Amino acid sequence: MKSDTATTGCGVSIDLFERMPAPFGLIRYGVAPDHPRIKGIVNALHKVLDKPSVRLLGNIDYGTDITLEQLHSLYDAVIFSTGANADRPLDIPGIDLDGSYGAADFVSWYDGHPDVPRTWPLDAKHVAVLGVGNVALDVARVLAKTGDELLATDIPANVYAGLKANKATDVHVFGRRGPAQAKFTPLELKELNHSPTIEVIVAPEDIDYDEASELARRNSKIVDQVANIIQDYALRDPGESLNRIHLHFFESPVEILGADGKVTGLRTERTELDGTGNVRGTGKFNNWPVEAVYRAVGYLSQNIKQLPFDEQAGTVPNEAGRVTTEDGGHFDKTYVTGWIKRGPVGLIGSTKGDANETVACLEADFLAGKLAAPTDSSEDAIITLLDSAQKAYTTWDGWHKLDAYERGLGEPEGRDRVKVVEREDMLRASRE
Ligand SMILES: Cc1cc2nc3c(=O)[nH]c(=O)nc-3n(C[C@H](O)[C@H](O)[C@H](O)COP(=O)(O)OP(=O)(O)OC[C@H]3O[C@@H](n4cnc5c(N)ncnc54)[C@H](O)[C@@H]3O)c2cc1C
């Protein structure tokens, strides 16, 4: 970020570095393909990136292609918003068996991320998904829908071929606690019911609330709506359908069972509410015959080179966005926002609040004269640096070309777009 009142009129010019050839982060590589309304948020982001004061420099990986010293020498300030793209580990026996997967890896595959394998094993008929948040719902829904149902979306050919051969008929989603503690949001939970191929099943004995759960329902409209939707699923008579999503509550996964190195089941301990909204084990165990287990227990950010990192929280330590040093001071000219700032929870809308807070700190530091001036503040300096290092960076114009190319691929099939997966193909389409 450079101060630049003279040329932009709005006081700053911004270069946006992105390791992928295309922009939009998890909107492109996290949000499920059958959520086109959410993916439509890119239209709002277009308005930001269309501004002449903002430049996109894609296919540039901070830490590999550019260093903190280089950024500090060229900009008044640097904001890291590198998000989270890995699975939080789950330490239970059997987690390393063949057929045990992280949700983030599966999401990357079905969203056509260039850096993951092109095929995904989908030969399990009975599947377990661990976790009761929206990512668990995404994974369960994509597994329970048919490939043809998802063909209307932007999924690339390799993902369609994989999903078409998917054998899953029963997807079991497991939560340790009860319906009032589930982290789903109402819209996503209701949406399960919209697929003609999916029947949602909840056992009536899984509906239970203690005093703290009732209080949580009274205090939060969302908690109450989620509990009501789950209750409605439990009360109705399940109809006939091709595939089923079973939502299980009060089942704590204790072990993934296996034979010959492969998943053969999931063992859970039945839990019960303890009055505080928490649960305790009952000592009763259930074995679920499943051939694959997906853990959707949260995302985790990765260490950013040259910055401090809190391994447990998966964040860069900061105060309102200012990166903090071990002795309680602040890193010069260095800020964070988004999931790397506050951890991998919250919807896209929540990142706006983060960004406002971080930018307010940056602005205050700038006005207080705390930001050391860059040694070269010319607009061309970064381009000269990348060109001299022969980095094949992409630009906002390049995104428009890739965007048009992907839309063109979808047109003959009546689809909005078909995603390009290979990095080299993305780069080529961005240049042509
Ligand atoms: C599976 C899934 C589904 C979701 N679905 C929804 C939904 O339906 N609706 C909703 O509102 N929210 C959804 N979210 C949440 C939403 O995606 C996040 O709130 C939001 O994307 C966080 O924004 P961010 O900028 O912190 O991170 P990101 O969106 O992840 O952006 C970080 C960017 O930094 C780039 N980057 C990382 N490291 C480097 C580096 N070293 N150099 C250069 N670039 C780098 C990444 O490539 C990425 O583009 C979903 C999240 C997940 C995981």
(message) Quick query: amide H of H330 versus all other amide H atoms, modeled in the peptide plane; which residues come in under 5 Å with a sequence gap of 5 or more or a different chain?
(response) T325
(message) Compute the helix-to-body angle for 396-410: its Cα long axis versus the longest principal axis of the chain, expressed 0 to 90° and rounded to tens.
(response) 40
(request) Report the local net charge at L427: Lys and Arg +1, Asp and Glu -1, summed over other residues whose C-beta lies under 15 Å from its C-beta. (result) -4
(request) Please report, largest first and rounded to whole Å, the three semi-axes of the ellipsoid equivalent to the chain, where each semi-axis is the square root of five times an eigenvalue of the C-alpha gyration tensor. (result) 41, 27, 20
(request) For the chain, give the magnitude of the charge dipole about the Cα centre (Cβ charges: +1 Lys/Arg, -1 Asp/Glu; no others), in debye to the nearest 20. (result) 540
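Looking only at the chain, where both bridge partners belong to it, what percent of the DSSP beta bridges are antiparallel (to the nearest 5)?
45
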(request) Only loop residues by DSSP count here, and only those with at most 16 other Cβ atoms within 10 Å; note down the trypsin sites (Lys or Arg not before Pro) in region 29-131 that meet that. (result) R118, K125
(request) Any chance you could run the full-extension gain for T324 through Q231? It's 0.36 nm times the residue separation minus the Cα-Cα distance, nm to one decimal. (result) 28.9 nm
(request) Mind checking the full-extension length gain between V254 and N356? Use 0.36 nm per residue of separation minus the Cα-Cα distance, one decimal, nm. (result) 32.6 nm
(message) Give the separation of the Cα centroids, region 44-115 to region 270-291, in Å.
(response) 36
(message) Using amide H atoms built in the peptide plane, which far-off residues or other-chain residues are under 5 Å from E199 H to H?
(response) N243, R244, I245
(message) What whole-number distance in Å separates the alpha-carbon centres of region 376-432 and region 177-224?
(response) 42
(request) In whole Hz, with x marking every Gly and Pro, tabulate ³J(HN,Hα) for region 26-34 from phi via Karplus 6.51 cos²θ - 1.76 cosθ + 1.60, θ = phi - 60°. (result) 5, 5, 7, 10, x, 4, 5, x, 8
(request) Hand me the tally of lysine pairs in region 86-299: alpha carbons under 21 angstrom apart, and the pair either on different chains or 8 or more positions apart. (result) 10
(request) Name the residue, out of L362, L235, L300, whose mean-square fluctuation peaks in a Gaussian network model built on the chain with Cα pairs under 10 Å. (result) L235
(message) Skipping prolines and chain starts, which residues have an amide H placed within reach, meaning under 5 Å, of the one on V293, given they are 5 or more residues away or on another chain?
(response) S100, Y101, A128
(request) Consider just the alpha-carbon atoms of region 86-299 and return their Rg together with their Dmax, both in angstrom. (result) 16.9, 50
(message) Starting from 0.36 nm per residue, how many nanometres of slack lie between R118 and E411 once their C-alpha separation is accounted for?
(response) 103.2 nm
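Each reported figure results from applying straightforward, stated rules to the coordinates on display, with no laboratory input. Values in this document were obtained by computation on a predicted structure and should not be read as measured data. Please note: Cβ atoms are built from the backbone with ideal geometry, for glycine as well, and neighbour counts cover all protein chains shown.
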